Amino acid sequence: GEPGRRQAAARRRPGSPLATTLVLGLALLAAGAVVVAGRLDALPGDAVPLALVAAVAVMGLGAVVAGLRGRRTSLVGLATPLALLAVAASVLPAGGGWRWEFDQRWTPTPATLQDAPDTAAVVGNLVVDLTRVARTPGRAGATVAAGRLSVLVPPEGTVLVVARVGAGSVVVEDSPQVVPLAAAAARSSGTVTGGVDVERVYAVGADAATVAAATVVRGDDLDDWTVPADAGTVVTASTWAGEVRIAAPDSPLLQGD
């Protein structure tokens, strides 16, 4: 009952500042070791989220040991924001730096896709013009942390757009040039899809219907997809909080607030 819980809480001793400092030092060493391994190309993924995970793991282990010893600890409170940062860092684009300008426009080319296939904006509006890569097989990624990401329908050629929204909506033009793939169409009605953890795949361009019919999506790994030879770049358009809009450059959909 309540008296028993109070007695149990009273029996828990304050945490040791020395032990907390030791655990934090070990967490920093673990994170540093992961960063060094990343510099040596000894890691299978991005070093930043892996370093944060290593630090969280050490702090979590320290919190467990403190709990078993009947001591209170602040390690859980310190590890929580690091865990959130690790989740956020895991979805950062691999290339291209973060930009703070409110209104941006990105027009990748076949050449830039080799060196900088990704771009990202912290807030605001990011317009992605795929005209120059609509006939070039490849991969590209565009991310807006909070705001609107607008993908323009290319006048020629066709691209595949993977629209991902953490919290918000995907809005597409009602047009034969924007065709949802079969798996996406089965989960969506109309041109607006909103909610949490939304993902939709569209063929976008002059031959959208043909490309959509020939594309087979298998899981999240693009290497497992069947993509027709006449499809251009596969673009991942992501926002953590906001909207992804897909429409022609002159569409009223891209002019509204």
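Since every read-out is calculated from the coordinates, none of them should be taken as a lab result. Computed from a predicted structure; not experimentally measured. Quick reminder, even Gly has a Cβ in these numbers, built from the backbone with ideal geometry, and neighbours come from all protein chains shown.
Odds and ends about this structure:
- 3J(HN,Hα) along the stretch 127-139, derived from phi through the Karplus expression 6.51 cos²θ - 1.76 cosθ + 1.60 where θ = phi - 60°, amounts to 9, 10, 9, 9, 3, 7, 10, 5, 10, 10, x, x, 10 Hz, with x in place of Gly and Pro.
- Radius 9 Å from Cβ of P154, net charge of other residues (Lys, Arg +1; Asp, Glu -1): 0
- Prolate/oblate/rounded label for the stretch 111-257 (Cα gyration tensor, a/c 1.5): rounded
- For the stretch 188-257, the list of trypsin sites (Lys or Arg not before Pro) that fall in a loop by DSSP and count at most 13 other C-beta atoms within 10 angstrom reads R218.
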